[in-house]
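A.B. asks: I'd like to ask you about the structure that follows.
The values are calculated or read from the model by the stated rules, or taken from the named source; none is laboratory data. All values derive from a computational prediction rather than experimental measurement. Note that we place each Cβ from the backbone using ideal geometry, even for glycine, and neighbour counts take in every protein chain shown. Note: accessible area is taken over every heavy atom of the protein model, side chains too, but ligands, DNA and RNA are not part of it. Shrake-Rupley method; radii C 1.70, N 1.55, O 1.52, S 1.80 Å.
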Amino acid sequence: MNISSLAARVATVALLAVSFAWAKKPEASSLPQKIDKIFADAIPKSAPGAAVLVTKNGRTLFQKGYGVRDLNTGQPIDAQTNFRLASCTKQFTAMAVMLLVHDGKLRYEDRLTDFFPDFPEYGRDITIRNLLNHTSGLPDYETLMELASGGKPSPWSETLQIQDAEVLALLEAHQNGDFAPGTRWSYSNSGYVVLGLIVAKVSGKPFADFLQERIFKPLKMDHTLAYVKGKNEVRNRAYGHARAGAGFLETDQSSTSATLGDGGVYSNLKDLALWDAALMQHTLLSAAEMQPELTPVKLADGSQPQWASGPGDTDPLAGKPVSYGFGWFLDPYQGRQRMWHYGDTVGFKTAIHRFTKDGLTVIVLCNRSDLDASALALQVADLALADK
């Protein structure tokens, strides 16, 4: 072989090697690139979107916003964008109750009628613990709203929203619970609205103020709040949206958007990273004081509760075992210890998954109802847990 032929062959081999390396590059992409692809492929820059945070042992591995917080302004979502947390609020309500137990002002075995003496007889057997772990049997307040309307147009709307005190009045007007406390498990927004009212009554402060003074301010969560229209404002606010044909429609409020303890907190990635660190470091309560929150509920007969189900139920969770503490689901994921929660309300989907033994936290906040925040968070968790 002459020198020129050898040189040509070496050049060809080198070119193939470079081409092969280039072709393999996507497979060797970093964890942040893999996470980014999940959301960048699903969310156009001009559409409502999501904010994503991944931390490991308190260190940020990934933090990014996708899409816009508001179609009217086109402002992009970032780490300071505030989303309505919906039911991820419940972990803050539970912490508020636990702080009052720490103060000696509450006991988990206190009864509902200790705080609201006019509550019907069925409230005498409902404890704070029952309210926290969804075994109270309180009727669903949205069902009671429909009953109160009596087939006529509802007195409540997205502009005239039901307030916490009205929820309590509906519950007090109902003479029976759905089941005897402790005998079943049924996810209860009513219970967490009532817990917010109990926090306010026992502390002598509005629920939103108690959260601010005892949780948000000490943790420097400076842009997190329980939103009360006319009393405070959500800065850098994301507005909720729903699909409408090929586009989106703003669907930010409903008749139940003003209740607080079950879903009224707004927060952002920056502040939720501080919340996650406080949970990890036991900043607000000791590990021993946190233990009741992290203990899965058992029914009065000692059995594990199940998701409620009925004839023709299409809910994929119906009838399956459920593990819940105070404001957190506690069932493991692929054998890994986990505390987590989801939020689902008009225009918003949210999820916080904390893999406590792995030191991993994944948070996904969406301001559009067609995204499954929890499923996306688990996609991210799969990548992060597999990453070495």
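A.B. asks: Is the stretch 142-208 rounded, prolate or oblate when judged by the Cα gyration tensor, a ≥ b ≥ c being the square roots of its eigenvalues, rounded requiring a/c under 1.5 and prolate requiring a/b larger than b/c? Intermediate values should be presented prior to the final figure.
C.D. replies: On the way: a/c = 2.19, a/b = 1.11, b/c = 1.96.
Taking the square roots of the gyration eigenvalues as a ≥ b ≥ c, the stretch 142-208 is oblate.
A.B. asks: Also, quick follow-up: Using modelled backbone amide H atoms (1.01 Å from N, in-plane), which distant-in-sequence or interchain residues come within less than 5 Å of Ala47's amide H?
C.D. replies: Val68
A.B. asks: Please list, ordered by chain and number, the residues whose modelled amide H lies under 5 Å from the amide H of Asp331; skip anything fewer than 5 residues away on the same chain.
C.D. replies: Result for Asp331 returns Ser323.
A.B. asks: Give the accessible surface of the chain per residue, rounded to a whole number of Å², with probe radius 1.4 Å and ligands, DNA and RNA excluded.
C.D. replies: Details: 18210 Å² over 388 residues.
On a per-residue basis, 47 Å².
A.B. asks: Can I ask one more? Which GluC sites (Glu not before Pro) in the stretch 127-203 sit in a loop by DSSP (not H, G, I, E or B) and have at most 15 other Cβ atoms within 10 Å of their own Cβ?
C.D. replies: Values: sites: Glu142, Glu146, Glu158, Glu166, Glu172; in loops: Glu158.
When the GluC sites (Glu not before Pro) of the stretch 127-203 are filtered for loop state and at most 15 Cβ neighbours within 10 Å, Glu158 remain.
A.B. asks: Roughly speaking, to the nearest percent, how much of the stretch 92-236's 1.4 Å accessible area is carbon and sulfur? Each step should come with its number before you reach the end.
C.D. replies: Numbers: 3260 of 6800 Å².
So the carbon and sulfur contribution to the accessible surface is 48 percent.
A.B. asks: While we're looking at this one, here's another question. Which whole DSSP H helices in the chain pass both tests: a Cα extent of 27 Å or more along the axis and a mean Kyte-Doolittle value no lower than 0.0? Mind showing how you got there, number by number?
C.D. replies: Details: long enough: 3-24 (31 Å, 1.43).
Going by DSSP H runs, the hits are 3-24.
A.B. asks: Just Val362, Val52, Val202 to compare: in a GNM of the chain, with alpha carbon springs under 10 Å, which one fluctuates most?
C.D. replies: Maximum fluctuation in the GNM of the chain, among the listed residues, is at Val202.
A.B. asks: Right, another one. Within the stretch 80-163, report the trypsin sites (Lys or Arg not before Pro) that DSSP leaves as loop and that have at most 16 other Cβ atoms within 10 Å.
C.D. replies: Numbers: sites: Arg84, Lys90, Lys105, Arg107, Arg111, Arg124, Arg129; in loops: Lys105, Arg107.
Filter output for the stretch 80-163: Lys105, Arg107.
A.B. asks: Around Thr127, with a cut-off of 13 angstrom between Cβ atoms, what is the net charge of the other residues, counting Lys and Arg +1 and Asp and Glu -1?
C.D. replies: Details: positive: Arg107, Arg111, Arg124, Arg129; negative: Glu109, Asp110, Asp114, Asp125.
Its environment carries a net charge of 0.
A.B. asks: Continuing with this model, one more query. Can you compute 3J(HN,Hα) from phi for each residue in the stretch 66-82, using the Karplus curve 6.51 cos²θ - 1.76 cosθ + 1.60 with θ = phi - 60°, rounded to whole Hz and x for Gly and Pro?
C.D. replies: Each residue's phi maps through the Karplus curve to give 10, x, 10, 7, 7, 5, 5, 9, x, 5, x, 6, 9, 5, 9, 6, 9 Hz.
A.B. asks: Using the Cα centre of the stretch 210-300 as origin and beta-carbon charges of +1 (Lys, Arg) and -1 (Asp, Glu), tell me which of Ala278, Pro296, Val228 is placed farthest towards the positive end of the dipole.
C.D. replies: Val228
A.B. asks: Right, next: What is the stretch 225-323 by shape, rounded, prolate or oblate, if you read a ≥ b ≥ c off the alpha carbon gyration tensor as root eigenvalues and call it rounded for a/c under 1.5, prolate for a/b larger than b/c, and oblate otherwise? Don't skip to the answer; put the middle values down first.
C.D. replies: Details: a/c = 2.30, a/b = 1.16, b/c = 1.98.
Oblate, since a/c reaches 1.5 and b/c is not below a/b.
A.B. asks: Please list Arg69, Arg243 from largest to smallest accessible area, probe radius 1.4 Å, with all protein chains kept in place.
C.D. replies: Details: Arg69 20, Arg243 120 Å².
The most accessible residue leads, giving Arg243, Arg69.
A.B. asks: For a 32 Å ceiling on Cα separation, which of these pairs sit above it: Lys231/Lys270; Lys201/Lys320; Lys220/Lys298?
C.D. replies: On the way: Lys231/Lys270 23 Å; Lys201/Lys320 36 Å; Lys220/Lys298 35 Å.
Long pairs (Cα-Cα over 32 Å): Lys201/Lys320; Lys220/Lys298.
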